[in-house]
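Student: Let me give you the structure first, and then I'll get to my questions.
The values are calculated or read from the model by the stated rules, or taken from the named source; none is laboratory data. Only a predicted model underlies this, so the values are computations on that prediction, with no experimental measurement involved. Here the Cβ positions follow ideal geometry from the backbone for every residue, glycine too, while neighbour counts run over all protein chains shown.
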Amino acid sequence: MSTLRIQYVKKDRLKFLSHLEMVRFMERTFRRMELPLKFSQGFNPHPKISFAAPLSVGVSSEAEIVEVELTESIDVDAFLEKHKETVPSALEFVRAKEVVPKGKLMACVESSEYLVEVRFEELAKAPEQRNEKEAFKAFLNKEEIIIQKKNKKGKMREINIRPWVYDAMNVLSESDRSIYRLTVATGSNGNLKPELLVELFMKELELDAAVDSYRIHRLELYTRVEGKRIPLYDM
Amino acid sequence: MKKLDDILYRVEKPSRYIGGEINSAQKEITEGLFRFGFAFPDVYEVGMSHLGMHILYGVLNDREDVYCERIFAPWTDLEAEMRKENVPLFTVETKSPVKDLDVVGFTLQYELSYTNIINMLDLGGVPLRTSERAEADPFIIAGGPCAYNPEPLAIMIDAFVLGEGEEVTLEVIDCIKNLKAQGQSRKAILRALADIQGVYVPSLYEVTYKEDGTIKSFQPIEEGVPAVVRKRIIKDLDSVFYPESVIVPYMDTVHDRAMVEIFRGCTAGCRFCQAGMIYRPVREKSVDVIQEAAQKLISSTGFEELSLASLSTMDYSKIDELIRGLIAEHEENKIGVSLPSLRLNSFSVSVIEQIQKVRKTGLTFAPEAGTQRMRDVINKGVTEDDLMSTMDRIFSLGWSKVKLYFMIGLPTEKQEDLEGIGALGNQVAKMYYDMPREMRGGRLTVTLSASCFVPKPFTPFQWMAQDKLETFEEKQKVVRAAITDRSVKFNYHDAHTSFLEGVVARGDRRIGEALIRTWEKGSKFDGWQEYFVFENWMNAFSELEIDPYFYASRERSYDEVLPWDFIDIGVTKAFLMRENDKAKRGEVTPDCRNGCTGCGVNIDLFKGGC
């Protein structure tokens, strides 16, 4: 019995895979690599594979975590070497280690760090006029940042997302694009899609009409251990 | 293609288009590389389930000097973006415009996909008609089961390939490659292609018609062009190429599993079935070859399910040995074995029991007709006792959901045959409720599914009139009314699509312009209920003064020249006539494994074989 934790990237065209497609991809990858998979009991046995936090279609990442249960230990270095033969580089396994699981992987996720790129169609204001860095700081200094969200019954509800924003700043402001770096809540104790915050801010700047699209990239997944935020892989 | 990346953010299921799947072919595009596009006229998830594509993809990419890439119909959302942004139809592998290819080969699986072929040519910037194409345009070829009546697409397809494609596709490629290198014209190359057995070049043939609209003559316009085109078959299936690895799609496809072919052809001789005639003779692969192929596929793909592909898997002569072997080998890795089609007999149940040890698969059976008389007419060698004893065993094994397939609109069909479909459903349900409660599985569902019969070329029913729309709809009501048990559900096919299938399946060359006109009215994805517009087709017919009922609803006489008569499938027309006559008398013809029934396939095509 052993659990293997893998950190992998998801980039280029493969960022368009849905979470379900990733699940299937991982199972088949592990089967091709002939890992000693542990299967669930019952009529329809499947391997025990858990993902940390599903990514939306189109979001790239360099810090995805998956864990797979095995019936015996394996040589991790050989595994990492071998995977290159059968996994496209856009889904490369960055590192892996055997771990003692600390409960459900998904439940350990506390936050994620993202880059959000805003692409502008045509600009109403030049970067120096936008003064995004300062304006964004001021925006974050508000006690409440309210979004409208439909609940399960379809009723609109107001939610304050400010407590879910742990760290955020503008890191680039050019004529055709801006980039924000944000650490926001992820998981069952609060979950914020990073582009939501940026969208609200664009509205505040009255730039929302000029936005062409958003590109989102996940830099890290975090957990909290003894009050400290550490990368999920390290737990 | 940077633009495509941005577009993919705006469409549904972008993983249809990204490519780069495990085991997909990556080749460097160099000057001398022959570029072939395998085109499936439907979306990715449908096309990727097609075994023939995986085989030919392997055969072609095995050649260093050939690069076979895949082309699918983009879904309507992507198509709209492509048209807006001027992105031409592209290959999955390298996103190359189809105009850059040497050959685009369409597979013809279904008549109602023809509007998609036209749409794909248009999206690729390829002129729709053979006569409009220039020297630089790719050769547009087509094969697959619907190519056995190539005439409806004759004005659009440069060359058809009839029969099994492993050898002939390479011959076609070599011919085009060599003559192109010599600087030969498109016309000269097409003429040379016509000399390859199995290749039909429609522009080299002329059709004349009688006053009543039937064909007067069909002949080559040039000396030396063969008057009869004979299909191609692979003689030895054990030695023919079979891919050791197949593409593993990222997205969920219709058949998302490893498929291993176990034999070709079918000996049952069901009279409605085109596949049963055009794929003759039966040729099996040996158990060892199948097991090795399965092993290689599983280890190269990581698929968790293995499917045995053939027209009638239970008829494989060593099915028991094969299944036991496969299960023994793959049980440890929890790989399920599934069977796509099952014949009703007690033997199939013992095989099902084997499979159940690993994974429970859904159960479907095809009695095809509701009474014994009707089943005798269509030569479906299944009795009511077979059905009942099979159901009995299935239920006692704990199954409680079965699906039964039927056809309505069969020749000589009477009210009681239709009522018989409902009655069978009632009886199956009664059998279940007669079992002691503690023996029953879950909640019972018996699904009766009825399709509208479409007479097909090269079957004993190729001369008959198809039922009209109103008749089909009345018959559907008769079946429904005969169902009395609440556990019995009834599904039926829309008769409109079956009617148009009937028109195109037995259509002639004059249908081609109507297909183009239908597409001009916006038709595509006609196989998808939400896009199917019946009126587009009917308006196109009436504008071009084509009578669709002439093709679908007219009984032909034996001496009429049929549009596909120039094709030799090995099975003789005399045999088909004999079978048609026997059908009318309700006489059965036994499975030809138990003695030759004289279809003719072993005379010239497969000498001394079977």
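Student: Among the residues of segment B:130-167, how many are of a type in the set (A, V, I, L, M) and more than 29 Å from B:VAL503 (Cβ to Cβ)?
Tutor: Within segment B:130-167, residues that are of a type in the set (A, V, I, L, M) and more than 29 Å from B:VAL503 (Cβ to Cβ) number 2.
Student: For A:LYS38, state whether it is within 24 Å of B:GLU93 (Cβ to Cβ), surrounded by 15 or more Cβ atoms within 10 Å (Cβ to Cβ) and within 12 Å of another protein chain (Cβ to nearest Cβ).
Tutor: no
Student: Moving to a separate point now. Test B:SER203 against the criterion of being within 30 Å of B:PRO411 (Cα to Cα), touching a residue at least 12 places away in the same chain (Cβ under 8 Å) and outside any loop (DSSP other than H, G, I, E, B), and give yes or no.
Tutor: Judged against the criteria, B:SER203 is not a match.
Student: Mind listing whichever residues of segment A:55-66 are in contact with a Leu (Cβ under 9 Å, 6 or more places away or on another chain) and surrounded by fewer than 19 Cβ atoms within 10 Å (Cβ to Cβ)?
Tutor: Correct list: A:VAL57, A:GLY58, A:GLU62.
Student: Follow-up question, since we're still on this one. May I ask you to list the residues in segment B:251-289 that are under 30 Å from A:VAL23 (Cβ atoms), away from every other protein chain (no Cβ under 14 Å) and among the β-branched types (Val, Ile, Thr)?
Tutor: Once the filter is applied, which keeps residues that are under 30 Å from A:VAL23 (Cβ atoms), away from every other protein chain (no Cβ under 14 Å) and among the β-branched types (Val, Ile, Thr), segment B:251-289 yields B:VAL254, B:VAL260.
Matching residues to (1) in a helix (DSSP H, G or I); (2) closer than 23 Å to B:TYR279 by Cβ:
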| site | (1), (2) |
| --- | --- |
| B:ILE155 | no, no |
| B:GLU166 | yes, yes |
| B:VAL172 | yes, yes |
| B:ILE176 | yes, no |
| B:LEU179 | yes, no |
| B:LEU190 | yes, no |
| B:GLN197 | no, yes |
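Student: Moving on. Can you tell which of B:ILE233, B:ILE290 is under 20 Å from the mean Cα position of the chain (by Cα) and either crowded, with 22+ Cβ neighbours inside 10 Å or modelled with pLDDT of 95 or more (or both)?
Tutor: Being under 20 Å from the mean Cα position of the chain (by Cα) and either crowded, with 22+ Cβ neighbours inside 10 Å or modelled with pLDDT of 95 or more (or both) holds for just one of B:ILE233, B:ILE290, which is B:ILE233.
Student: Out of all the residues in segment B:26-55, which are in contact with a strand residue (DSSP E or B) (Cβ under 9 Å, 6 or more places away or on another chain), within 14 Å of another protein chain (Cβ to nearest Cβ) and assigned to a loop (DSSP other than H, G, I, E, B)?
Tutor: Result: B:MET48, single match.
Student: So the check is Cβ under 6 Å with 6+ separation or different chains; which pairs have a first residue in segment B:298-313 that's within 12 Å of chain A (Cβ to nearest Cβ) and a second one that's assigned to a helix (DSSP H, G or I) and not hydrophobic (A, V, I, L, M, F, W, C)?
Tutor: Hits for this filter: B:GLY302/A:ARG28; B:GLY302/A:ARG31; B:GLY302/A:ARG32.
Student: Continuing with this model, one more query. Can you report the number of residues in segment B:517-537 which are in a helix (DSSP H, G or I) and either touching a Ser or Thr at 6+ places or on another chain (Cβ under 9 Å) or within 15 Å of B:GLN466 (Cβ to Cβ) (or both)?
Tutor: Qualifying residue count, segment B:517-537: 5.
Student: Anything in segment A:28-62 that is farther than 30 Å from A:SER213 by Cα, in contact with a helix residue (DSSP H, G or I) (Cβ under 9 Å, 6 or more places away or on another chain) and not β-branched (Val, Ile, Thr)? List them, or say none.
Tutor: Answer for segment A:28-62, where residues must be farther than 30 Å from A:SER213 by Cα, in contact with a helix residue (DSSP H, G or I) (Cβ under 9 Å, 6 or more places away or on another chain) and not β-branched (Val, Ile, Thr): A:ARG28, A:ARG31, A:ARG32, A:MET33, A:GLU34, A:LEU35, A:LEU37, A:HIS46, A:PRO47, A:SER50.
Student: Quick one: A:MET26 ticks every box in (1) away from chain B (no Cβ under 13 Å); (2) in a helix (DSSP H, G or I) bar one, so which box is it?
Tutor: For A:MET26, the failing item is (1).
Student: While we're here: Can you find even one residue in segment A:100-122 that is assigned to a loop (DSSP other than H, G, I, E, B) and more than 30 Å from A:LEU37 (Cα to Cα)? Spell out how you get there, then give the answer.
Tutor: Within segment A:100-122, the subset assigned to a loop (DSSP other than H, G, I, E, B) is A:100-104, A:109-110, A:121-122.
Keeping just the survivors that are more than 30 Å from A:LEU37 (Cα to Cα) gives A:121-122.
The answer is yes, given that some residue of segment A:100-122 is assigned to a loop (DSSP other than H, G, I, E, B) and more than 30 Å from A:LEU37 (Cα to Cα).
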